[in-house]
Every structure is written in structure tokens, then in C-alpha cells.
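Reading through the C-alpha cells given below for one structure.
Just so it is clear, none of the values below were taken in a lab; they were calculated from the coordinates. Owing to the predicted nature of the structure, the values given are computational and were not obtained by experimental measurement. All Cβ positions, glycine included, derive from the backbone under ideal geometry; neighbour counts span all protein chains shown.
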Amino acid sequence: MNVTDPIADFLTCLRNGMRARHKTVDMPSSKLKVQMAAILRDEGYIAGFREVVEGAKKRIELRLKYSSSNEPIITRLQRVSRPGRRVYVGSRQVPSVLGGMGITILTTPKGVMTGKSARKEHVGGEILCEVW
């Protein structure tokens, strides 16, 4: 499968899995996807993840998280920067999502991090997505 935007594919797999109330979702792995999954886990949006190696192929398995009423913890996943329109911000322009209720995931010179961490570290970068 040739995907032109692996980040959008990652978010779509996550979104579709939650909509179908799956416990886990699988997708091809990459360093960026693993870093994004770690952020989602650390921020409490997913239950966890693991990388599975099958021969030469790696895939990532995400364990989704739901509320006590079986509603997904993640209400919305939105891709901001796309291959056709990259969105970059400086450290002072990093947006706050829903007044701090959501997170922004950015790629920065210091690695992939949340918008809150980027403001604290005084670095800007490319906004990958917003989660709430």
C-alpha cells in the first residue's frame, strides 16, 4: 500500500477504529508514528501501543481508550499541516487547542512534542495535528 500522507493515514486509522469501537488498531510503523503514539499515550488519549516486527516489516498496534459509557476519549483528530500546505509556527505562535483542553502535536528541531512542551522549550515547528 502506497500512502502519500502517512500522518493522515495514522489519524484516519485511529478515527475509524474509535468510531467502530475497536480495542486495538494496527498500521504500518515509522519513527514519527511511534513518537506521536507515545505523545497520545502520555497525554492520556490512548491506553498504550507496541511495535510488532514481522520479518522485515514493522507495524504499530495502538490500544484505544474509552470512557465508562464506552465513548471514545478522543473527540476529534484534525490534520493541520498537509503535504500540499505545510503550516509552520514560531514558539510564540504555537496555538492552544480548546483553551488548553486539547493538544497540538508538532515536529520541532528538538523532536516531536506537544504545543505546551514547545512553548516551554521556546521552539517552533510544523504543526502536524490537533487532538481533543
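When its C-alpha radius of gyration is set against 2.2 N^0.38 Å (N residues), the chain gives a value of 1.04. Exposed loop positions in the chain were taken to be trypsin sites (Lys or Arg not before Pro) whose DSSP state is not H, G, I, E or B and which have at most 14 other beta-carbon atoms within 10 angstrom. Between these positions, the longest stretch is 24-75. Using a Cα-Cα cut-off of under 17 Å, which aspartates and glutamates could be cross-linked to Lys23, ignoring same-chain neighbours fewer than 8 residues away? Correct list for Lys23: Glu51, Glu61, Glu71.
Across the options Tyr88, Cys129, Ala118, the greatest Cα extent toward the positive end of the charge dipole of region 33-132 (unit charges at beta carbon of Lys, Arg, Asp, Glu) belongs to Tyr88. Once C-alpha pairs closer than 8 Å and six or more residues apart are averaged by separation and normalised to the residue number of the chain, the relative contact order reads 22 percent. In the structure shown, the pairs Lys65/Lys110; Lys31/Lys116; Lys33/Lys57; Lys33/Lys65 are assessed against 23 Å; a Cα-Cα span above that value is assigned to Lys65/Lys110. In this structure, the amide hydrogen of Phe49, modeled 1.01 Å from its nitrogen in the peptide plane, lies closer than 5 angstrom to those of Arg63, counting only residues at least 5 positions away or on a different chain.
With R₀ set to 41 Å, the beta-carbon distance separating Thr24 from Arg85 gives a calculated FRET efficiency near 0.80.
Within straight-line reach of Lys58, meaning a Cα separation under 14 Å, sit the following aspartates and glutamates at least 8 residues removed in sequence or on another chain: Asp26. Think of each Lys and Arg Cβ as +1 and each Asp and Glu Cβ as -1; about the Cα centre, that makes the dipole of region 15-78 roughly 140 debye.
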